[in-house]
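The values are calculated or read from the model by the stated rules, or taken from the named source; none is laboratory data. Remember, predicted model here, so these are calculated numbers, not experimental data. Virtual Cβ from ideal backbone geometry, glycine too; neighbours counted across all protein chains shown. Ligands, DNA and RNA are stripped out before the accessible areas are found, and what is left, the full protein with its side chains, is counted by its heavy atoms. Shrake-Rupley method; radii C 1.70, N 1.55, O 1.52, S 1.80 Å.
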Amino acid sequence: VGVEVPTTPGRVYLRHEVSMTSARATGLICPSAWLEDGWQDEVVLQFDQRGRISQIGGDPTGLPRAPGPVVPGMSNAHSHAFQWAMAGLAERAVHADDSFWSWRQTMYQFVDALDPDQIEAVAAAAYVAMLEAGFTSVAEFHYLHHAPDGTPYDDPAELSLRIAAAGRMAGIGLTLLPVLYAHGGVGGQPAGPAQRRFLGDPDLVLRCRERVASAAPEVRLGAALHSLRAVTGEQIDALIAALPGDAPVHIHVAEQRAEVEACLQILGARPVAWLADRVELSPRWGLVHATHVDADEVRRAARSGAVAVLCPTTEANLGDGLFPAAAWLGEGGAFAIGTDSHVSVDPAEELRLLEVGQRLIRERRNVLRLGDDGHVGAGLWAAAGRGGASALGRESGRIAVGCLADLVVLDAEAPRLAGRSRAWAVDTWVMAGGAALVREVWVAGRQVVRDGVHVRRSEVGLAYRRAVAGLGR
Ligand code: NGQ
Ligand code: ZN
(Lines give C-alpha, C1' and ligand atoms only; values in the text may rest on other atoms or scores of the structure.)
(Ligands and ions follow the chains in the order given, each with its own letter.)
Protein backbone atom coordinates (compact mmCIF):
# COMPACT_ATOMS: atom_id res chain seq x y z
CA VAL A 1 0.00 0.00 0.00
CA GLY A 2 1.74 3.16 -1.17
CA VAL A 3 1.70 6.24 1.02
CA GLU A 4 1.96 9.64 -0.57
CA VAL A 5 3.50 12.40 1.50
CA PRO A 6 2.00 15.89 1.15
CA THR A 7 4.31 18.57 -0.15
CA THR A 8 3.18 21.26 2.27
CA PRO A 9 2.92 19.86 5.78
CA GLY A 10 1.09 22.23 8.09
CA ARG A 11 -0.78 24.11 5.37
CA VAL A 12 -2.81 21.50 3.68
CA TYR A 13 -5.73 22.95 1.76
CA LEU A 14 -8.23 20.99 -0.19
CA ARG A 15 -7.42 23.07 -3.25
CA HIS A 16 -3.91 21.61 -3.18
CA GLU A 17 -5.51 18.32 -4.09
CA VAL A 18 -3.79 16.38 -1.39
CA SER A 19 -4.16 12.71 -2.15
CA MET A 20 -5.82 10.21 0.13
CA THR A 21 -3.64 8.57 2.73
CA SER A 22 -3.02 5.35 0.87
CA ALA A 23 -4.25 3.34 -2.06
CA ARG A 24 -7.41 1.33 -1.61
CA ALA A 25 -6.89 -2.40 -1.20
CA THR A 26 -9.05 -4.83 -3.13
CA GLY A 27 -9.60 -6.99 -0.08
CA LEU A 28 -8.23 -8.38 3.17
CA ILE A 29 -7.58 -11.87 4.50
CA CYS A 30 -8.66 -12.12 8.14
CA PRO A 31 -7.26 -14.91 10.35
CA SER A 32 -10.54 -14.39 12.20
CA ALA A 33 -13.32 -11.85 11.71
CA TRP A 34 -16.28 -10.75 13.79
CA LEU A 35 -19.12 -11.06 11.30
CA GLU A 36 -22.76 -10.29 11.97
CA ASP A 37 -23.52 -13.81 13.14
CA GLY A 38 -20.35 -14.24 15.15
CA TRP A 39 -16.68 -15.04 14.79
CA GLN A 40 -15.36 -16.99 11.84
CA ASP A 41 -11.87 -18.19 10.98
CA GLU A 42 -10.01 -17.55 7.74
CA VAL A 43 -12.40 -15.00 6.27
CA VAL A 44 -11.66 -13.35 2.93
CA LEU A 45 -13.15 -9.89 2.44
CA GLN A 46 -13.34 -8.46 -1.08
CA PHE A 47 -13.67 -4.68 -1.51
CA ASP A 48 -15.14 -2.79 -4.45
CA GLN A 49 -13.73 0.43 -5.90
CA ARG A 50 -15.69 2.60 -3.46
CA GLY A 51 -14.30 0.73 -0.46
CA ARG A 52 -17.37 -1.35 0.26
CA ILE A 53 -17.29 -5.02 1.17
CA SER A 54 -18.52 -6.62 -2.03
CA GLN A 55 -18.10 -10.26 -1.09
CA ILE A 56 -17.21 -12.43 1.88
CA GLY A 57 -15.17 -15.29 0.46
CA GLY A 58 -13.67 -15.64 -2.99
CA ASP A 59 -10.12 -15.65 -4.25
CA PRO A 60 -7.51 -14.54 -1.68
CA THR A 61 -4.65 -14.33 -4.18
CA GLY A 62 -2.63 -11.15 -3.79
CA LEU A 63 -4.65 -9.80 -0.83
CA PRO A 64 -2.90 -8.54 2.32
CA ARG A 65 -3.32 -10.59 5.52
CA ALA A 66 -4.42 -8.93 8.76
CA PRO A 67 -2.06 -9.59 11.69
CA GLY A 68 -4.85 -10.27 14.21
CA PRO A 69 -8.60 -10.57 14.77
CA VAL A 70 -10.67 -8.16 12.66
CA VAL A 71 -13.61 -6.27 14.16
CA PRO A 72 -15.90 -3.53 12.80
CA GLY A 73 -14.57 0.04 13.15
CA MET A 74 -16.26 2.54 15.46
CA SER A 75 -17.93 5.86 14.60
CA ASN A 76 -17.06 8.83 16.79
CA ALA A 77 -20.48 10.46 16.78
CA HIS A 78 -19.54 13.75 18.44
CA SER A 79 -16.41 15.85 18.01
CA HIS A 80 -15.39 19.49 18.33
CA ALA A 81 -11.96 18.93 16.80
CA PHE A 82 -10.43 22.23 17.96
CA GLN A 83 -10.98 21.25 21.59
CA TRP A 84 -8.37 18.49 21.21
CA ALA A 85 -5.72 21.19 21.64
CA MET A 86 -7.44 22.49 24.79
CA ALA A 87 -7.56 19.21 26.71
CA GLY A 88 -5.85 19.78 30.06
CA LEU A 89 -5.99 23.57 29.90
CA ALA A 90 -9.17 23.85 31.96
CA GLU A 91 -7.91 21.70 34.82
CA ARG A 92 -6.85 24.46 37.18
CA ALA A 93 -9.35 25.77 39.72
CA VAL A 94 -9.96 29.44 39.00
CA HIS A 95 -13.47 30.09 40.30
CA ALA A 96 -14.80 29.38 43.76
CA ASP A 97 -17.31 27.05 42.17
CA ASP A 98 -16.03 25.69 38.86
CA SER A 99 -18.63 24.14 36.59
CA PHE A 100 -19.55 23.41 33.01
CA TRP A 101 -20.26 27.13 32.65
CA SER A 102 -16.83 28.28 33.84
CA TRP A 103 -15.23 25.62 31.60
CA ARG A 104 -17.17 27.19 28.75
CA GLN A 105 -15.61 30.60 29.50
CA THR A 106 -12.16 29.01 29.24
CA MET A 107 -13.17 27.38 25.96
CA TYR A 108 -14.39 30.72 24.57
CA GLN A 109 -11.04 32.34 25.38
CA PHE A 110 -9.18 29.45 23.80
CA VAL A 111 -11.19 29.51 20.58
CA ASP A 112 -10.67 33.24 20.21
CA ALA A 113 -6.98 32.76 19.41
CA LEU A 114 -7.22 30.10 16.70
CA ASP A 115 -6.69 30.87 13.01
CA PRO A 116 -7.69 28.63 10.09
CA ASP A 117 -4.24 27.02 9.74
CA GLN A 118 -4.23 26.14 13.41
CA ILE A 119 -7.77 24.78 13.27
CA GLU A 120 -6.90 22.57 10.33
CA ALA A 121 -3.69 21.30 11.94
CA VAL A 122 -5.42 20.56 15.25
CA ALA A 123 -8.29 18.76 13.52
CA ALA A 124 -5.88 16.60 11.51
CA ALA A 125 -4.00 15.66 14.69
CA ALA A 126 -7.25 14.88 16.52
CA TYR A 127 -8.40 12.65 13.65
CA VAL A 128 -5.07 10.82 13.56
CA ALA A 129 -5.43 10.14 17.30
CA MET A 130 -8.99 8.87 16.76
CA LEU A 131 -7.89 6.49 14.03
CA GLU A 132 -5.02 5.14 16.11
CA ALA A 133 -7.53 4.33 18.87
CA GLY A 134 -9.93 2.41 16.61
CA PHE A 135 -12.37 5.05 15.43
CA THR A 136 -12.87 4.85 11.66
CA SER A 137 -15.24 7.79 11.19
CA VAL A 138 -16.26 10.98 12.94
CA ALA A 139 -19.21 13.35 13.06
CA GLU A 140 -17.74 16.83 13.35
CA PHE A 141 -20.22 19.11 15.14
CA HIS A 142 -18.79 22.21 13.56
CA TYR A 143 -19.91 25.56 14.93
CA LEU A 144 -16.74 27.60 14.48
CA HIS A 145 -17.56 29.56 11.33
CA HIS A 146 -16.03 33.06 11.44
CA ALA A 147 -12.84 35.04 12.03
CA PRO A 148 -11.94 35.96 15.64
CA ASP A 149 -13.69 39.33 15.37
CA GLY A 150 -16.88 37.64 14.14
CA THR A 151 -16.70 38.66 10.49
CA PRO A 152 -17.24 35.92 7.93
CA TYR A 153 -14.18 34.76 5.99
CA ASP A 154 -14.10 35.62 2.27
CA ASP A 155 -15.46 32.13 1.80
CA PRO A 156 -18.07 31.75 4.55
CA ALA A 157 -17.39 28.01 4.47
CA GLU A 158 -13.63 28.48 5.01
CA LEU A 159 -13.50 26.61 8.31
CA SER A 160 -15.83 23.85 7.12
CA LEU A 161 -13.41 23.33 4.23
CA ARG A 162 -10.49 23.23 6.66
CA ILE A 163 -12.24 20.45 8.58
CA ALA A 164 -12.80 18.59 5.31
CA ALA A 165 -9.10 19.04 4.46
CA ALA A 166 -8.08 17.67 7.85
CA GLY A 167 -10.39 14.71 7.38
CA ARG A 168 -8.83 13.95 4.02
CA MET A 169 -5.31 14.38 5.40
CA ALA A 170 -6.03 11.86 8.16
CA GLY A 171 -8.12 9.56 5.98
CA ILE A 172 -10.98 9.36 8.46
CA GLY A 173 -14.57 8.86 7.31
CA LEU A 174 -15.97 12.33 7.89
CA THR A 175 -19.58 13.34 8.40
CA LEU A 176 -19.64 17.13 8.64
CA LEU A 177 -22.45 18.70 10.62
CA PRO A 178 -22.34 22.47 10.07
CA VAL A 179 -24.01 23.99 13.09
CA LEU A 180 -26.79 26.53 13.33
CA TYR A 181 -26.00 28.80 16.26
CA ALA A 182 -27.98 32.02 16.46
CA HIS A 183 -28.72 32.90 20.08
CA GLY A 184 -27.24 33.02 23.55
CA GLY A 185 -30.00 31.50 25.63
CA VAL A 186 -33.34 29.67 25.50
CA GLY A 187 -36.15 31.62 23.84
CA GLY A 188 -34.01 33.57 21.38
CA GLN A 189 -31.92 35.57 23.84
CA PRO A 190 -29.16 37.56 22.11
CA ALA A 191 -25.74 35.92 21.79
CA GLY A 192 -22.81 37.39 23.70
CA PRO A 193 -19.55 38.70 22.21
CA ALA A 194 -17.73 35.45 23.07
CA GLN A 195 -20.08 33.60 20.70
CA ARG A 196 -19.46 35.84 17.67
CA ARG A 197 -17.39 33.27 15.75
CA PHE A 198 -20.30 30.81 15.84
CA LEU A 199 -23.30 32.84 14.71
CA GLY A 200 -25.31 32.31 11.57
CA ASP A 201 -28.66 31.46 10.08
CA PRO A 202 -29.97 28.40 8.22
CA ASP A 203 -28.51 29.80 4.97
CA LEU A 204 -24.98 29.62 6.38
CA VAL A 205 -25.47 25.95 7.21
CA LEU A 206 -26.74 25.26 3.69
CA ARG A 207 -23.84 27.21 2.19
CA CYS A 208 -21.31 25.16 4.16
CA ARG A 209 -22.96 21.98 2.97
CA GLU A 210 -22.87 23.08 -0.67
CA ARG A 211 -19.24 24.20 -0.59
CA VAL A 212 -18.05 21.00 1.04
CA ALA A 213 -20.17 18.84 -1.27
CA SER A 214 -18.41 20.27 -4.30
CA ALA A 215 -14.87 20.56 -2.87
CA ALA A 216 -14.79 17.26 -0.96
CA PRO A 217 -17.33 14.82 -2.36
CA GLU A 218 -16.09 12.06 -0.04
CA VAL A 219 -17.52 13.89 2.99
CA ARG A 220 -20.98 12.92 4.22
CA LEU A 221 -23.11 15.88 5.12
CA GLY A 222 -25.71 16.53 7.78
CA ALA A 223 -26.42 19.53 9.96
CA ALA A 224 -26.69 20.40 13.61
CA LEU A 225 -28.62 22.70 15.90
CA HIS A 226 -26.22 23.81 18.59
CA SER A 227 -28.77 23.51 21.41
CA LEU A 228 -32.14 24.86 22.46
CA ARG A 229 -30.10 27.71 23.96
CA ALA A 230 -28.88 28.70 20.50
CA VAL A 231 -31.84 28.22 18.16
CA THR A 232 -35.55 29.01 18.19
CA GLY A 233 -38.37 26.73 17.09
CA GLU A 234 -38.85 28.77 13.90
CA GLN A 235 -35.18 28.36 13.01
CA ILE A 236 -35.36 24.63 13.63
CA ASP A 237 -38.37 24.37 11.32
CA ALA A 238 -36.68 26.45 8.61
CA LEU A 239 -33.49 24.40 8.62
CA ILE A 240 -35.23 21.04 8.69
CA ALA A 241 -37.47 22.10 5.79
CA ALA A 242 -34.41 23.00 3.71
CA LEU A 243 -32.45 19.78 4.35
CA PRO A 244 -32.73 16.51 2.46
CA GLY A 245 -35.05 14.20 4.40
CA ASP A 246 -32.32 11.69 5.19
CA ALA A 247 -29.59 14.09 6.34
CA PRO A 248 -28.44 13.45 9.91
CA VAL A 249 -29.42 16.23 12.35
CA HIS A 250 -27.71 16.43 15.74
CA ILE A 251 -28.38 18.67 18.73
CA HIS A 252 -26.83 19.13 22.19
CA VAL A 253 -29.71 18.65 24.57
CA ALA A 254 -30.33 18.50 28.34
CA GLU A 255 -26.65 18.24 29.22
CA GLN A 256 -26.91 20.52 32.25
CA ARG A 257 -29.74 21.02 34.74
CA ALA A 258 -29.64 24.78 34.10
CA GLU A 259 -30.77 24.14 30.52
CA VAL A 260 -33.64 21.97 31.74
CA GLU A 261 -34.71 24.73 34.15
CA ALA A 262 -34.54 27.41 31.44
CA CYS A 263 -36.60 25.30 29.04
CA LEU A 264 -39.22 24.59 31.70
CA GLN A 265 -39.49 28.27 32.53
CA ILE A 266 -39.37 29.76 29.05
CA LEU A 267 -40.70 27.00 26.79
CA GLY A 268 -42.92 25.29 29.32
CA ALA A 269 -41.43 21.84 28.80
CA ARG A 270 -38.26 19.87 29.46
CA PRO A 271 -35.81 20.04 26.52
CA VAL A 272 -36.24 16.55 25.08
CA ALA A 273 -40.01 16.64 25.55
CA TRP A 274 -40.16 20.04 23.86
CA LEU A 275 -38.09 18.78 20.96
CA ALA A 276 -40.20 15.64 20.60
CA ASP A 277 -43.30 17.87 20.38
CA ARG A 278 -41.72 20.22 17.84
CA VAL A 279 -40.01 17.87 15.38
CA GLU A 280 -40.53 14.35 14.21
CA LEU A 281 -37.82 12.51 16.09
CA SER A 282 -36.52 9.58 14.05
CA PRO A 283 -33.27 7.70 13.40
CA ARG A 284 -31.81 10.74 11.59
CA TRP A 285 -31.71 12.58 14.94
CA GLY A 286 -28.64 12.49 17.18
CA LEU A 287 -29.51 13.63 20.70
CA VAL A 288 -26.13 14.59 22.12
CA HIS A 289 -25.75 13.94 25.88
CA ALA A 290 -29.51 13.92 26.76
CA THR A 291 -28.21 13.54 30.30
CA HIS A 292 -31.19 14.94 32.19
CA VAL A 293 -34.21 13.12 30.81
CA ASP A 294 -37.20 11.85 32.75
CA ALA A 295 -38.87 8.49 32.22
CA ASP A 296 -41.40 9.93 29.79
CA GLU A 297 -38.71 11.57 27.67
CA VAL A 298 -36.70 8.34 27.66
CA ARG A 299 -39.71 6.41 26.43
CA ARG A 300 -40.67 8.88 23.69
CA ALA A 301 -37.18 9.54 22.39
CA ALA A 302 -35.95 5.93 22.55
CA ARG A 303 -39.04 4.63 20.74
CA SER A 304 -38.67 7.25 17.99
CA GLY A 305 -35.41 5.65 16.86
CA ALA A 306 -33.38 8.79 17.63
CA VAL A 307 -29.79 7.96 18.58
CA ALA A 308 -28.52 9.00 22.03
CA VAL A 309 -25.02 10.33 21.36
CA LEU A 310 -23.18 9.77 24.64
CA CYS A 311 -19.77 11.21 25.47
CA PRO A 312 -18.99 9.66 28.86
CA THR A 313 -15.45 10.97 29.45
CA THR A 314 -16.40 14.54 28.55
CA GLU A 315 -19.65 14.32 30.52
CA ALA A 316 -17.63 13.18 33.52
CA ASN A 317 -14.99 15.87 32.99
CA LEU A 318 -17.62 18.62 32.78
CA GLY A 319 -19.67 17.37 35.71
CA ASP A 320 -22.79 16.83 33.62
CA GLY A 321 -24.30 13.82 35.37
CA LEU A 322 -25.03 10.25 34.32
CA PHE A 323 -27.27 9.38 31.39
CA PRO A 324 -29.92 6.78 32.37
CA ALA A 325 -28.39 4.22 30.04
CA ALA A 326 -30.10 1.14 31.44
CA ALA A 327 -33.55 2.75 31.11
CA TRP A 328 -32.74 3.91 27.56
CA LEU A 329 -31.63 0.45 26.48
CA GLY A 330 -34.65 -1.02 28.25
CA GLU A 331 -36.84 0.99 25.88
CA GLY A 332 -34.86 -0.35 22.92
CA GLY A 333 -33.05 2.97 22.43
CA ALA A 334 -30.14 3.25 19.99
CA PHE A 335 -26.93 4.89 21.15
CA ALA A 336 -23.57 6.03 19.83
CA ILE A 337 -20.43 7.32 21.51
CA GLY A 338 -18.50 10.52 20.95
CA THR A 339 -15.33 12.01 22.34
CA ASP A 340 -16.65 15.60 22.26
CA SER A 341 -13.98 17.68 24.07
CA HIS A 342 -11.33 14.95 23.59
CA VAL A 343 -10.09 14.67 27.16
CA SER A 344 -9.88 11.04 26.08
CA VAL A 345 -9.81 9.75 22.52
CA ASP A 346 -10.49 6.04 22.88
CA PRO A 347 -13.74 4.25 22.02
CA ALA A 348 -13.04 1.50 24.54
CA GLU A 349 -12.71 4.03 27.33
CA GLU A 350 -16.01 5.72 26.44
CA LEU A 351 -17.85 2.39 26.49
CA ARG A 352 -16.14 1.31 29.70
CA LEU A 353 -17.18 4.49 31.50
CA LEU A 354 -20.73 4.13 30.19
CA GLU A 355 -20.94 0.69 31.79
CA VAL A 356 -19.01 1.36 35.01
CA GLY A 357 -20.99 4.56 35.63
CA GLN A 358 -24.09 2.35 35.82
CA ARG A 359 -22.27 -0.07 38.12
CA LEU A 360 -21.30 2.72 40.50
CA ILE A 361 -24.82 4.08 40.92
CA ARG A 362 -26.49 0.65 41.06
CA GLU A 363 -23.85 -1.18 43.11
CA ARG A 364 -24.11 -4.04 40.62
CA ARG A 365 -21.99 -5.51 37.81
CA ASN A 366 -22.56 -6.19 34.10
CA VAL A 367 -25.50 -3.80 33.80
CA LEU A 368 -25.68 -2.96 30.07
CA ARG A 369 -26.37 -6.36 28.52
CA LEU A 370 -26.66 -6.11 24.78
CA GLY A 371 -25.41 -9.32 23.24
CA ASP A 372 -27.21 -12.68 23.27
CA ASP A 373 -24.21 -14.27 24.92
CA GLY A 374 -23.87 -11.87 27.88
CA HIS A 375 -20.47 -10.49 26.80
CA VAL A 376 -20.76 -6.90 28.04
CA GLY A 377 -17.76 -5.30 26.30
CA ALA A 378 -18.53 -6.97 22.98
CA GLY A 379 -22.23 -6.13 23.24
CA LEU A 380 -21.43 -2.46 23.84
CA TRP A 381 -18.98 -2.36 20.94
CA ALA A 382 -21.46 -3.88 18.50
CA ALA A 383 -24.38 -1.68 19.55
CA ALA A 384 -22.38 1.56 19.57
CA GLY A 385 -20.94 0.65 16.17
CA ARG A 386 -24.41 0.25 14.68
CA GLY A 387 -25.82 3.33 16.41
CA GLY A 388 -22.82 5.41 15.45
CA ALA A 389 -22.97 4.41 11.80
CA SER A 390 -26.63 5.34 11.74
CA ALA A 391 -25.95 8.70 13.43
CA LEU A 392 -23.29 9.46 10.81
CA GLY A 393 -25.36 8.33 7.84
CA ARG A 394 -22.58 5.87 7.05
CA GLU A 395 -23.02 2.24 6.00
CA SER A 396 -20.60 0.92 8.53
CA GLY A 397 -20.35 -0.61 12.00
CA ARG A 398 -20.74 -4.19 10.75
CA ILE A 399 -18.61 -6.51 8.67
CA ALA A 400 -21.17 -7.38 6.03
CA VAL A 401 -21.62 -7.20 2.28
CA GLY A 402 -22.64 -3.66 1.28
CA CYS A 403 -20.97 -2.02 4.29
CA LEU A 404 -17.85 0.07 3.97
CA ALA A 405 -14.61 -1.72 4.83
CA ASP A 406 -14.16 0.24 8.08
CA LEU A 407 -12.13 -2.24 10.09
CA VAL A 408 -9.96 -2.55 13.19
CA VAL A 409 -7.34 -5.27 13.56
CA LEU A 410 -6.52 -6.09 17.17
CA ASP A 411 -2.96 -6.82 18.25
CA ALA A 412 -2.85 -10.60 18.52
CA GLU A 413 0.62 -10.38 20.09
CA ALA A 414 -0.34 -8.07 22.97
CA PRO A 415 0.13 -9.65 26.43
CA ARG A 416 -3.37 -8.41 27.40
CA LEU A 417 -4.88 -10.69 24.76
CA ALA A 418 -2.67 -13.71 25.39
CA GLY A 419 -4.68 -16.82 26.18
CA ARG A 420 -7.97 -15.17 25.26
CA SER A 421 -10.56 -16.69 22.96
CA ARG A 422 -11.92 -14.10 20.54
CA ALA A 423 -15.10 -13.38 22.49
CA TRP A 424 -13.10 -12.66 25.65
CA ALA A 425 -10.58 -10.65 23.62
CA VAL A 426 -13.20 -8.00 22.80
CA ASP A 427 -14.38 -7.79 26.44
CA THR A 428 -10.75 -7.47 27.55
CA TRP A 429 -10.08 -4.76 24.97
CA VAL A 430 -13.19 -2.71 25.85
CA MET A 431 -13.21 -3.17 29.63
CA ALA A 432 -9.47 -3.37 30.34
CA GLY A 433 -7.19 -2.79 27.38
CA GLY A 434 -8.11 0.16 25.17
CA ALA A 435 -6.33 1.86 22.32
CA ALA A 436 -2.98 0.15 22.91
CA LEU A 437 -4.50 -3.06 21.54
CA VAL A 438 -5.32 -1.52 18.15
CA ARG A 439 -2.83 -2.76 15.56
CA GLU A 440 -4.30 -1.75 12.20
CA VAL A 441 -7.15 0.47 11.05
CA TRP A 442 -8.78 0.48 7.62
CA VAL A 443 -11.23 3.13 6.40
CA ALA A 444 -13.31 2.32 3.32
CA GLY A 445 -10.64 -0.17 2.28
CA ARG A 446 -7.64 2.12 2.79
CA GLN A 447 -5.12 1.26 5.47
CA VAL A 448 -4.49 4.31 7.70
CA VAL A 449 -2.89 2.72 10.77
CA ARG A 450 -0.22 0.05 10.67
CA ASP A 451 1.57 -1.40 13.69
CA GLY A 452 -0.44 1.00 15.86
CA VAL A 453 0.86 4.11 14.10
CA HIS A 454 -1.01 6.30 11.62
CA VAL A 455 0.67 6.38 8.23
CA ARG A 456 0.94 10.19 8.42
CA ARG A 457 1.56 10.55 12.13
CA SER A 458 4.91 12.30 11.80
CA GLU A 459 3.91 15.03 9.33
CA VAL A 460 0.57 15.65 11.00
CA GLY A 461 2.32 15.75 14.38
CA LEU A 462 4.92 18.21 13.12
CA ALA A 463 2.26 20.56 11.76
CA TYR A 464 0.35 20.26 15.01
CA ARG A 465 3.37 21.07 17.18
CA ARG A 466 4.01 24.18 15.08
CA ALA A 467 0.35 25.18 15.27
CA VAL A 468 0.06 24.99 19.04
CA ALA A 469 3.43 26.38 20.08
CA GLY A 470 2.68 28.73 22.97
CA LEU A 471 -1.03 27.89 23.33
CA GLY A 472 -0.66 26.31 26.76
CA ARG A 473 1.78 28.59 28.55
C1 NGQ B 1 -19.67 23.10 22.89
N2 NGQ B 1 -19.70 21.42 24.62
O3 NGQ B 1 -20.38 23.66 22.06
O4 NGQ B 1 -18.47 22.89 22.69
C5 NGQ B 1 -20.32 22.63 24.17
C6 NGQ B 1 -20.20 23.69 25.22
C7 NGQ B 1 -22.36 24.96 25.14
C8 NGQ B 1 -20.37 20.57 25.35
N9 NGQ B 1 -21.63 20.81 25.54
C10 NGQ B 1 -20.88 24.96 24.90
N11 NGQ B 1 -19.81 19.52 25.88
O12 NGQ B 1 -22.98 23.92 25.27
O13 NGQ B 1 -22.90 26.07 25.19
ZN1 ZN C 1 -20.53 19.01 21.99
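Just a few scattered comments:
- In the context of the full set of protein chains, the range 33-123 has a per residue accessible area of 45 Å² (1.4 Å probe).
- Average silhouette area of the range 185-267, convex hull of alpha-carbon atoms, in square nanometres: 6.3 nm²
- Cα-projected label distance for ALA258 with ASP97, points at 7 Å along beta-carbon direction, nm: 1.0 nm
- Residue ranges 338-350, 198-210 sort as 338-350, 198-210 when ordered by packing (mean number of other C-beta atoms within 10 Å per residue, highest first).
- Rounded to the nearest 500, the helix-only mean residue ellipticity at 222 nm of the chain stands at -10500 deg cm²/dmol, with each DSSP H run of n ≥ 4 adding -39,500 (n - 2.57).
- Efficiency of FRET from Cβ geometry, ASP37 and ASP246, R₀ 30 Å, rounded to 0.05: 0.60
- Here the calculated FRET efficiency for GLN189 and LEU89, from their Cβ-Cβ distance with R0 = 25 Å, stands at 0.35, rounded to the nearest 0.05.
- Ordering of 36-42, 408-414 by packing [mean C-beta count within 10 Å, highest first]: 408-414, 36-42
- Bridge type composition, the chain - antiparallel percent by DSSP, nearest 5: 45 percent
- Average accessible surface for the range 386-428: 40 Å² per residue, computed with a 1.4 Å probe over protein heavy atoms with every protein chain in place.
- Largest-first principal axis extents of the Cα set of the chain (Å): 63, 54, 44
- Label-to-label distance, nm, for residues given as ASP149 and ASN366 (7 Å Cα→Cβ offset): 6.3 nm
- With every protein chain in place, the chain: carbon and sulfur % of accessible area (1.4 Å): 49 percent
- Cα centroid of the range 435-471 to Cα centroid of the range 203-236, whole Å: 28 Å
- In a reduced charge model with +1 at each Lys and Arg Cβ and -1 at each Asp and Glu Cβ, the chain shows a dipole moment near 480 debye about its Cα centre.
- Solvent exposure of the range 138-228, expressed per residue, is 29 Å² of accessible area, with all protein chains present and a 1.4 angstrom probe.
- Counted charge near ALA378, where neighbours are those whose Cβ lies closer than 10 Å (Asp, Glu -1; Lys, Arg +1): -1
- Net charge over other residues, Cβ less than 15 angstrom from the Cβ of GLN195 (K, R count +1; D, E count -1): +1
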